[in-house]
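This report refers to the structure that appears directly beneath it.
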């Protein structure tokens, strides 16, 4: 997603530039508005599904295994991210907005399982801790004078490594390995938050046409949304109290 966003950034410059400060502030405000709305939709959907046994029965079979619909819901968010990233230049801003809303709802359905595995109090506690860490790193990414662009490739390689390690641990069921994965995951997505925030700030200072800016707001919101959700899930493994 990062490469496609960078290509779009490099090829989508407008002929005229507005005031950098105003454009950047408006752009970042729009990014956080969409991210917040996405997180709210996800949280409400997850809680609603978890509170309704008839809806949860769509995701889990009577034997306790994942249903076909459950697998579709679990894999659908990845398909949304890939589609929004690789089709960015061809999709309209309206299409991207609708896809982001749908993605947020589907993510909520897929995350409804956490309410069955962890207590509501520990989920709320972890959410507060995540918000604090995320906000701190976002401020650092926005204000730092250090160029964080060099961290991008290393952090993305770390994400790929996390995915591979998590798949391996599905078969090994190692509690120690899971603890190590969670620790590394917190470290990686903490760093990605600062990196993505700096990248979004620079994009906001670029000066674009209205349609391109609307697209970039959604993609920026998606990046920060994914940072927040992944940071939350890895922290939940440490802070969550299982039922």
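Values in this text are rule-based calculations from the coordinates and carry no lab data. Keep in mind it's a predicted model, so treat the numbers as computed, not measured. Note that each Cβ is placed from the backbone with ideal geometry, even for glycine, and that neighbours are counted across all protein chains shown.
Structure above, values below:
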{"item": "Binned Cα-Cα distances of the range 86-164, short to long, each 5 Å bin given as a whole percent", "result": "3, 10, 9, 12, 20, 24, 15, 6, 1"}
{"item": "Candidates 221, 76, 121: whichever shows maximal mean-square fluctuation once the chain is modelled as a Gaussian network with Cα springs under 10 Å", "result": "121"}
{"item": "Value of relative contact order over the chain, rounded to a whole percent, pairs C-alpha under 8 Å and six or more apart", "result": "36 percent"}
{"item": "Stretchable slack from residue 202 to residue 57, in nm (0.36 nm times residue separation minus alpha-carbon distance)", "result": "47.7 nm"}
{"item": "In Å, descending, principal axis extents of the Cα set of the chain", "result": "61, 34, 30"}
{"item": "Where labels lie 7 Å past Cα in the beta-carbon direction, separation of residue 119 and residue 184 in nm", "result": "3.2 nm"}
{"item": "Ratio of the Cα radius of gyration of the range 106-243 to 2.2 N^0.38 Å, where N counts its residues", "result": "1.15"}
{"item": "Candidates 64, 161, 135, ranked by Gaussian network fluctuation over the chain, Cα under 10 Å, top entry", "result": "64"}
{"item": "Top of 55, 222, 88 by mean-square fluctuation, Gaussian network on the chain, Cα under 10 Å", "result": "55"}
{"item": "Ranked list, fewest to most other Cβ atoms within 10 Å of each Cβ, for 223, 54, 85", "result": "54, 85, 223"}
{"item": "Cα-based equivalent ellipsoid of the range 119-163: semi-axis lengths in Å, sorted from largest, via gyration tensor", "result": "26, 18, 4"}
